[in-house]
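This report refers to the structure that appears directly beneath it.
Bear in mind these aren't lab numbers, they're just calculated from the coordinates by the rules spelled out. Since this is a predicted model, take the numbers as computed values, not measurements. So basically every Cβ, Gly included, is an ideal-geometry build from the backbone, and we count neighbours across all protein chains shown.
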Amino acid sequence: MSAKSVALVGYRGTGKTSAGRLLARRLALPFEDMDERLVRGFGRDIRQWVEEHGWEAFRDAESRLLEELAQGPTAVVATGGGAVARPSNRELLRTRFRTFWLQASAETVVARLTADPLTASLRPPLSELSFEEEIVRLLAERRPWYQESARWALATDGIGPEELAERVAAELEAIPERRENEPDRFG
């Protein structure tokens, strides 16, 4: 595997953080969860920060962090679910990372988020829609953005983080090493 970082993109609750931690351990790389880094930097949870500063300011901070991670040491990066909303982020993910889109059905996402006690503070609502309606709408809206950002797509319905991490690792191991003078295969 070359020194290019691995990014996991996808909607909330698709397994980016849980599988990402396991994948990083397996690859002996550092793990970076963008939402966790932002929370540490903000000094409060995302819900509180967004209430004070707004979603646009949050997306600005998220974009700055993604750029920093793209320039930093090789790592496994779990992006925020909406990191793909900006074209510049999609470009970074497509060209500077080996990006995997983790997919799950709306039913799976609802079940996972409902079971997660951190959903309220780490995953504030993005609209006035009901919880389920928002998930269905955003999955559809973001689908082309995830597709544009990632080279690989993996369904996460019905599989655990360990199996998901193994599937990503297997895809990475199947990629031949890039020679110094070869064009980037992942753009």
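Brief remarks follow.
- Each of Leu129, Val76, Gly54 was placed along the dipole of the chain (beta-carbon charges, centred on the mean Cα), and the one lying farthest toward the positive end is Val76.
- Net charge of neighbours whose Cβ lies under 9 Å from the Cβ of Val84, counting Lys and Arg as +1 and Asp and Glu as -1: +2
- Over segment 124-172 - Rg/Rh using Cα atoms and the Kirkwood inverse-distance radius: 1.08
- Protection proxy ranking for 19-25, 132-138, 90-96, using the average of other Cβ atoms within 10 Å per residue and placing the highest first: 19-25, 90-96, 132-138.
- Placing +1 on the Cβ of every Lys and Arg and -1 on the Cβ of every Asp and Glu, with nothing else charged, gives the chain a dipole about its Cα centre of roughly 440 debye.
- Residue with peak Gaussian network fluctuation, the chain [Cα springs, cutoff 10 Å], from Ser18, Ser130, Ser149: Ser130
- Cα lying deepest toward the dipole's positive end in the chain, options Leu22, Met34, Ala104, charges on Cβ: Leu22
- Label point 7 Å beyond Cα of Glu171 along Cβ direction - residues of segment 74-107 with amide nitrogen under 12 Å: 98-104
- Candidate membrane-span-like segments in the chain, meaning DSSP H helices with Cα atoms spread over at least 30 Å of their own axis and a Kyte-Doolittle mean of 1.6 or above, do not occur, with no membrane implied either way.
- Rounded FRET efficiency, nearest 0.05, which uses the C-beta distance separating Arg26 from Glu133 and R0 of 35 Å: 0.40
- The listed peptides 38-48, 6-16, ordered by packing as a protection proxy, come out as 6-16, 38-48 (highest mean of other Cβ atoms within 10 Å first).
- MRE, 222 nm, helices only [DSSP H, n ≥ 4, -39500 (n - 2.57), over the chain, to nearest 500]: -16500 deg cm²/dmol
- In segment 1-150, the ratio of gyration radius to Kirkwood radius, Rg to Rh, stands at 0.94 when only Cα atoms are counted.
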